[in-house]
1. Please enumerate the residues belonging to segment 67-95 that are farther than 25 Å from Glu110 by Cβ and surrounded by fewer than 18 Cβ atoms within 10 Å (Cβ to Cβ).
2. Confirm whether Ala213 is out of contact with any strand residue (DSSP E or B) (no Cβ under 8 Å at 6 or more places or on another chain) and open to solvent by less than 10 Å² (accessible area, probe 1.4 Å).
3. Just the residues that are small (Gly, Ala, Ser) and either in contact with a Pro (Cβ under 7 Å, 6 or more places away or on another chain) or within 14 Å of the ligand (Cβ to nearest atom) (or both), please, taken from segment 229-246.
4. What single numbered condition from (1) at pLDDT 95 or above; (2) surrounded by fewer than 17 Cβ atoms within 10 Å (Cβ to Cβ); (3) hydrophobic (A, V, I, L, M, F, W, C) fails to hold for Val301?
5. Mind listing whichever residues of segment 142-160 are closer than 18 Å to Ser102 by Cβ and either outside any loop (DSSP other than H, G, I, E, B) or away from the ligand (no atom under 14 Å from the Cβ) (or both)?
6. Restricting attention to strands (runs of 3 or more DSSP E) lying wholly within segment 2-107, give those where 1 or more residues are over 24 Å from Gly241 (Cα atoms) and touching an Asp or Glu at 6+ places or on another chain (Cβ under 6 Å).
7. For segment 161-174, what are the residues that are in a loop (DSSP other than H, G, I, E, B), open to solvent by less than 90 Å² (accessible area, probe 1.4 Å) and away from the ligand (no atom under 16 Å from the Cβ)?
8. Scan Ala253, Ala280, Ala284 and give me the residue that is in a helix (DSSP H, G or I), open to solvent by less than 60 Å² (accessible area, probe 1.4 Å) and at pLDDT 95 or above.
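The values are calculated or read from the model by the stated rules, or taken from the named source; none is laboratory data. None of these values were measured; they are calculated from a predicted model. Every residue, glycine as well, gets a Cβ built from its backbone with ideal geometry; the counts of neighbours run over all protein chains shown. For the accessible areas, the whole protein counts, side chains as well, though only heavy atoms, and no ligand, DNA or RNA atoms are used. Shrake-Rupley method; radii C 1.70, N 1.55, O 1.52, S 1.80 Å.
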Amino acid sequence: MSDFAYKNGRLHAEGVDLARIAESVGTPVYVYASHGIERRYREYADGVKGVDATVCYAMKANDNQAILRLLSKLGAGVDTVSEGEVRRALAAGFDPEKIVFSGIGKSAEEMSFALSAGIGEFNVESEPEVDLLADVARQMGKRAKIAVRVNPDVDAKTHAKITTGKKGNKFGIDIDQAPAVFKRAAAHASLEPVGVASHIGSQLTSLDPYRQAFARMVELVKQLRSEGIPISVLDVGGGLGVGYTGEAPPSVAEYTEIARAAAIEAGCRLVLEPGRRLVAEAGALLTRVLYVKEGSSKTFVIVDAAMNDLIRPTLYDAYHPILPVTEPKAGAASRPVDVVGPICESSDFFAKERALPPVSAGDILAITYAGAYGAVMSSSYNARRLVPEVLVRDQQFAVVRPRPSYEDLIGRDRVPDWL
Ligand code: LLP
């Protein structure tokens with residue numbers, strides 16, 4: 001459930017009226033509720049009590065330093081996919097031992113940086129990557145702990161653009177080829193193969209694909225052990241979904257129970273990599289209505305946020321609830337409208353044929369469930385300034401990423417002196 005609720009007719013994040021934030025910071029702006037993030041992290045941490053486990057937040061969902069700091073202070077680990085993310089994790093105070101470095105395309109420079117930082121686990125995804133990491137580590141006189149990401153060939157039944165664990169996806173190593181890759185890794189003195197990893201996709205709303213994937217991973221761990229490779233880590237990835245359209249996905253407790261059981265059966269330390277589930281419901285994008293345009297066949301609500309600020313509807317046809325910050329009067333008639341941004345593309349929309357209560361120019365709307373894969377995927381397309389972010393705690397709020405100035409925006413470029 002979203003962390004935004006009406007109190008006395010005004011939409012709030014915790015104790016803060018969202019209109020106050022819109023007034024003081026301007027729109028568009030992302031707002032995050034810190035207690036919600038903390039509560040969900042604790043659900044994960046509590047769910048794996050009794051087994052040796054690290055909840056490694058997949059920071060690609062939201063990499064703001066303030067959110068990272070909040071989670072590192074709670075004892076979380078972190079899942080990263082680039083040198084930039086490793087650097088962000090270190091800057092936020094994460095214990096390097098609790099940093100997992102995933103991703104199918106790590107460069108030698110990135111590997112070398114992560115090794116010098118002393119990160120806990122590299123998740124490798126191909127034979128050439130195994131060999132390159134072995135070389136880089138050897139040259140540095142280090143030994144890299146690795147987990148091999150396997151593709152367990154299960155259908156996650158999610159959007160095609162975010163499914164990853166089916167044969168034919170670019171991710172991981174086919175599970176039947178995995179033993180050979182582990183042997184190849186074990187032959188390198190500079191590598192220590194410790195784990196079996198997998199991530200089958202994102203926004204999963206059923207536990208069945210997890211049950212299948214975890215069972216295959218446990219089987220692999222046992223097989224590898226019998227062949228003399230002492231696997232001690234089971235990294236089950238992330239992917240648990242949220243209820244964008246009001247559906248009720250499995251609870252964190254139900255999910256952690258099957259992950260926990262798999263780790264016990266495998267006799268392994270457990271690593272989890274949740275991203276979306278920790279932050280999606282805690283975030284909203286506030287936007288102001290600029291115009292209501294009555295077309296001959298449609299009504300367009302034109303707002304000041306755009307696809308460059310939140311690209312999920314454009315990219316994945318994603319549904320995000322939209323709520324007016326002032327609570328509509330009981331019984332106010334809704335009518336279908338398209339909520340669109342100012343960018344010069346028809347794909348710049350937040351909702352189509354969405355039933356909304358009456359809105360007029362100047363009103364503030366909250367696009368909710370936007371805490372994950374919102375700000376991180378934003379850009380400055382159409383020379384729009386990068387969207388700012390605000391963190392709320394109880395009655396207080398702070399700007400945790402300011403809106404850049406137009407000077408910042410233009411000043412990033414360099415004009416060669418031969419022009
Ligand atoms: N671990 C790995 C290796 C991943 O690739 C991902 C997400 C996660 C963990 C975290 O997954 P989560 O718990 O957040 O589902 N931009 C898309 C989502 C892309 C997810 C990519 N990988 C969206 O907006 O829906």
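1. Filtering segment 67-95 for residues farther than 25 Å from Glu110 by Cβ gives 70, 73-75.
Once the filter is applied, which keeps residues that are farther than 25 Å from Glu110 by Cβ and surrounded by fewer than 18 Cβ atoms within 10 Å (Cβ to Cβ), segment 67-95 yields Lys73, Leu74, Gly75.
2. Working: out of contact with any strand residue (DSSP E or B) (no Cβ under 8 Å at 6 or more places or on another chain): yes; open to solvent by less than 10 Å² (accessible area, probe 1.4 Å): yes.
Considered against the rule, which asks whether it is out of contact with any strand residue (DSSP E or B) (no Cβ under 8 Å at 6 or more places or on another chain) and open to solvent by less than 10 Å² (accessible area, probe 1.4 Å), Ala213 comes out as yes.
3. If we filter segment 229-246 for residues that are small (Gly, Ala, Ser), which is where we start, we get 232, 237-239, 241, 243, 246.
Gly237, Gly238, Gly239, Gly241, Gly243, listed by residue number.
4. (2)
5. Result: Ala144, Lys145, Ile146, Ala147, Val148, Arg149, Val150, Asn151.
6. On the way: elements: 4-7, 10-13, 29-33, 53-58, 77-80, 99-101.
Correct list: 4-7, 10-13.
7. As a first pass, look at segment 161-174 and keep what is in a loop (DSSP other than H, G, I, E, B): 164-172.
Checking the rest, the ones that are also open to solvent by less than 90 Å² (accessible area, probe 1.4 Å) come to 164-166, 168-169, 171-172.
Matches in segment 161-174: Gly168 only.
8. Values: Ala253 fails: open to solvent by less than 60 Å² (accessible area, probe 1.4 Å); Ala284 fails: in a helix (DSSP H, G or I).
The conditions single out Ala280.
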